[in-house]
Amino acid sequence: MIKFTDIPTEQTAAVTDLILVALAIWGILYLKIAVKLSSWRRTIWTSFFYLMLVVSMIGSIAHGLDLIGPAHMLLWHTLFFFLGFFLASFTLAIISDLHSEQLSKKLLPYFLLAGAGYFIFTLISSKGLLPISSSL
């Protein structure tokens, strides 16, 4: 049976993630509607907001529901998978804005590897990265 968590900090995290979902949707719509020119910067920032949307949606479920067992682990591992690429896309977007699009494009494969590496790290040390409230 699915039930909401009773832990206040987890409830707060879930609500915060839902606010981030709304901000991600706003960012995606803004870039799709207001920014007419297709460019690397638009693409990388759009990717960032899509990944923010996915990470925040999964995060709101992971923090807001009281799950145990394999469903709990699957949800957190899925979150960690997307979180690595979310962080990579943000870093590439910042590099593109502050330095150059060429450098951002050049670093793309390395940051994709870093995102995958982050996920592999979380698999190896999964108990260390799961929330304290985890009952596993």
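The values are calculated or read from the model by the stated rules, or taken from the named source; none is laboratory data. Keep in mind that this is a model prediction, so the values were computed, not measured. Here Cβ is always computed from backbone atoms with ideal geometry, including for glycine, and neighbour counts include all displayed protein chains.
Condition test on LEU83, is it more than 19 Å from ILE2 (Cα to Cα), in a helix (DSSP H, G or I) and either touching a Pro at 6+ places or on another chain (Cβ under 9 Å) or touching a residue at least 12 places away in the same chain (Cβ under 8 Å) (or both)? Let's see the steps before the verdict.
Values: more than 19 Å from ILE2 (Cα to Cα): yes; in a helix (DSSP H, G or I): yes; either touching a Pro at 6+ places or on another chain (Cβ under 9 Å) or touching a residue at least 12 places away in the same chain (Cβ under 8 Å) (or both): yes.
When the stated conditions are applied, LEU83 passes them.
Identify the residue in the range 102-113 that is surrounded by fewer than 16 Cβ atoms within 10 Å (Cβ to Cβ) and in contact (Cβ under 8 Å) with a residue 24 or more places away in the chain and, among all such residues, is farthest from ARG42 (Cα to Cα).
Out of the qualifying residues, it is LEU112.
Restricting the first residue to the range 1-24 and requiring it to be assigned to a helix (DSSP H, G or I), which pairs with a second residue that is modelled with pLDDT under 90 meet a Cβ separation below 8 Å and a spacing of at least six or different chains?
What qualifies is GLU10/PRO131; GLU10/SER133.
Rundown of residues vs (1) touching a Gly at 6+ places or on another chain (Cβ under 8 Å); (2) charged (D, E, K, R); (3) closer than 21 Å to SER96 by Cα, yes/no style:
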{"position": "ILE25", "(1), (2), (3)": "no, no, no"}
{"position": "LEU29", "(1), (2), (3)": "no, no, yes"}
{"position": "LYS32", "(1), (2), (3)": "no, yes, yes"}
{"position": "SER38", "(1), (2), (3)": "no, no, yes"}
{"position": "ARG41", "(1), (2), (3)": "no, yes, yes"}
{"position": "ILE44", "(1), (2), (3)": "no, no, yes"}
{"position": "TYR50", "(1), (2), (3)": "no, no, yes"}
{"position": "MET57", "(1), (2), (3)": "no, no, no"}
{"position": "ILE61", "(1), (2), (3)": "no, no, no"}
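Of a type outside the set (Gly, Ala, Ser), more than 27 Å from ALA114 (Cα to Cα) and touching a helix residue (DSSP H, G or I) at 6+ places or on another chain (Cβ under 6 Å) - does that describe any residue in the range 61-72?
The first filter runs over the range 61-72 and keeps only residues of a type outside the set (Gly, Ala, Ser), leaving 61, 63, 65-68, 70, 72.
Subsequent filtering for residues that are more than 27 Å from ALA114 (Cα to Cα) retains 65-68.
In the following step, the residues that additionally are touching a helix residue (DSSP H, G or I) at 6+ places or on another chain (Cβ under 6 Å) were identified as none.
Scanning the range 61-72, I find no residue that is of a type outside the set (Gly, Ala, Ser), more than 27 Å from ALA114 (Cα to Cα) and touching a helix residue (DSSP H, G or I) at 6+ places or on another chain (Cβ under 6 Å), so the answer is no.
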